[in-house]
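These notes are about the structure you will find just below.
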Amino acid sequence: MGTTRDEATAFFAFDPRVQNLTAATALDALTAQVGREAAQDAYQRHAARHPQATPARIFTAAQTDGLFRDGSLEIADHHAAGGNTAYVYQFDYAPTDDPYGLGATHCAELPFLFDTFDAYPDSPVLAGVGDAQRALGRAFASALARFVAAGTVSDWLPYVPATAARVRHFGAER
């Protein structure tokens, strides 16, 4: 199972209510979702990871974790705790030319997985497709196909709870 690095940008990058958040209003919005202590922890954790980020970007990163990544890892933790092998990925590819700041947004991995680049010629998620993107797509799709066919992947370590190194990253390098 996996997520993209910046899942929530697809939902918040163009929302002026989110883009105009201050640190205080971002914290208030997070507090309404998870309570004050958890909101402060999430906001501070993401602000430390992204020291130049706006409150909107910090809020969006916290939403990526809260809405996508945390739940996925909980499922993987549960699966692994039951003695089952789990494989977890994070899709990190973001185009160099990223005028909207979407990064590796929700569903950005799908053209890579299904080799449907040509269906999205003007997509800001791709911002052009060359040999490097096609090679990443082949590597990503091949790894997932090997798992589907065999239930294991020889060059992908199984997930172990609370071990970040056991999450395979696709497309982190440009």
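The values are calculated or read from the model by the stated rules, or taken from the named source; none is laboratory data. A quick note: this is a predicted structure, and the numbers were derived from the prediction, not measured. So basically every Cβ, Gly included, is an ideal-geometry build from the backbone, and we count neighbours across all protein chains shown. The area values use the complete protein model at the heavy-atom level, side chains included, leaving out ligands, DNA and RNA. Shrake-Rupley method; radii C 1.70, N 1.55, O 1.52, S 1.80 Å.
Remarks
- Fraction of accessible area attributable to carbon and sulfur, the chain (%, probe 1.4 Å): 56 percent
- For the chain, the normalised intensity computed at q = 0.13, 0.14, 0.15 Å⁻¹ comes to -0.72, -0.82, -0.92 (log10 of I(q)/I(0), Debye sum over alpha carbons, equal scatterers, no solvent).
- Between T152 and E37, full extension at 0.36 nm per residue minus the direct alpha carbon distance yields a gain of 37.5 nm.
- Over the chain, accessible surface divided per residue gives 56 Å², non-protein components excluded, 1.4 Å probe.
- Dividing the summed helix terms, -39500 (n - 2.57) for each DSSP H run of n ≥ 4, by the number of residues in the chain produces a 222 nm estimate of -13500 deg cm²/dmol to the nearest 500.
- Cβ-defined net charge surrounding V153, 9 Å radius [Lys, Arg +1; Asp, Glu -1]: +1
- With eigenvalues of the C-alpha gyration tensor scaled by 5 and rooted, the range 88-134, Å: 14, 14, 10
- Residue (of A108, G130, Y159) at the positive-pole extreme of the range 90-159, dipole from beta-carbon charges: Y159
- Taken over the range 16-83, the ratio of Cα radius of gyration to 2.2 N^0.38 Å equals 1.24.
- The range 134-174 gives an Rg/Rh value of 0.99, both radii derived from C-alpha positions and Rh following Kirkwood.
- For the chain, built as a Gaussian network whose Cα springs stay under 10 Å, the top-fluctuating residue of F112, F14, F91: F14
- Inter-label distance, nm, simple model (7 Å from Cα along the C-beta direction), D98/A141: 2.3 nm
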